[in-house]
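Read through the structure below, which is laid out as structure tokens, and then see the notes.
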Amino acid sequence: MQLKELHPWNVEPEEAVNCQKRLLQKISFSPTFNHIELIAGVDASYQNGYIVGGIVILKYPELSVLDREYVINKVNFPYRSGLLTFREGPALINLFKKIEWNPDIIFFDGQGYAHPRRMGIATHLGLFLDRATIGCAKSRLIGNYTKPGNKKGCYSLLSHKEKVIGAVLRTRDNVKPIFVSSGNHINLKKAIEITLSCTTKFRIPEPVREAHLFVNKMRKNLWT
């Protein structure tokens, strides 16, 4: 895949925050796709100071797995709330450079626009990729919301400082909701619609679930 080079990764936390602020004006909610044929899920796992980044490519709408790829990178950025991309980004950038597929939409196990500076990993790397990305998180980072209905497809809006930043989406009846937000090149309504279309019998959408299972399997294989 072709990627943009928007900033260096080897920066101090203060400069990382400034990078996020500078990128804010580049976010677009206009789609880069007319139809969807390929969807990807991306996740990362840690072990012994290393990060295993993985991507799973799925055919849409069947959600059958076409390919899996991974990379291993040394972790070079400290853990800081709101700066996850600077910790995982270098590995995932190497991963995207490695694959030959060009998925129409990419799911990330993490936040997108639902971030204090609107620059979660799905948005941040969505700008580097210049394609549609969705943040799909298991828990809230910021924002206020009312509890959505208990049926699959029910959702409530997630707001921060009087601005809608995402949705709290029920993906299965009577199961804890997930937190969905636009990454880049997709609006919230479409992100919710596609997330639901990628959710089968599990709480987590298949692209993210498959990526999560894959990176954890690779991590265990590499360190056992």
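The values are calculated or read from the model by the stated rules, or taken from the named source; none is laboratory data. Keep in mind that what you see is a predicted model, and the values were worked out from it rather than measured. Glycine gets a Cβ as well: all are built from the backbone with ideal geometry, and neighbour counts include every protein chain shown.
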Filtering strands (runs of 3 or more DSSP E) wholly in segment 155-224 for at least 3 residues that are modelled with pLDDT of 95 or more and polar (S, T, N, Q) gives 178-184
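In this structure, is Gln25 more than 19 Å from the chain's Cα centre (by Cα) and under 26 Å from Ile192 (Cα atoms)?
Numbers: more than 19 Å from the chain's Cα centre (by Cα): yes; under 26 Å from Ile192 (Cα atoms): yes.
Here the answer is yes, as Gln25 does meet what is asked.
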The condition from (1) of a type in the set (Ser, Thr, Tyr); (2) modelled with pLDDT under 95; (3) assigned to a helix (DSSP H, G or I) that Thr85 misses is numbered (2)
The condition of being in contact with a strand residue (DSSP E or B) (Cβ under 8 Å, 6 or more places away or on another chain), surrounded by 23 or more Cβ atoms within 10 Å (Cβ to Cβ) and of a type in the set (A, V, I, L, M) holds, among Ile186, Ile142, Ile192, only for Ile186
Scanning segment 88-115 for residues that are touching a helix residue (DSSP H, G or I) at 6+ places or on another chain (Cβ under 7 Å) and part of a helix (DSSP H, G or I), the one farthest from Leu129 (Cα to Cα) turns out to be Glu88
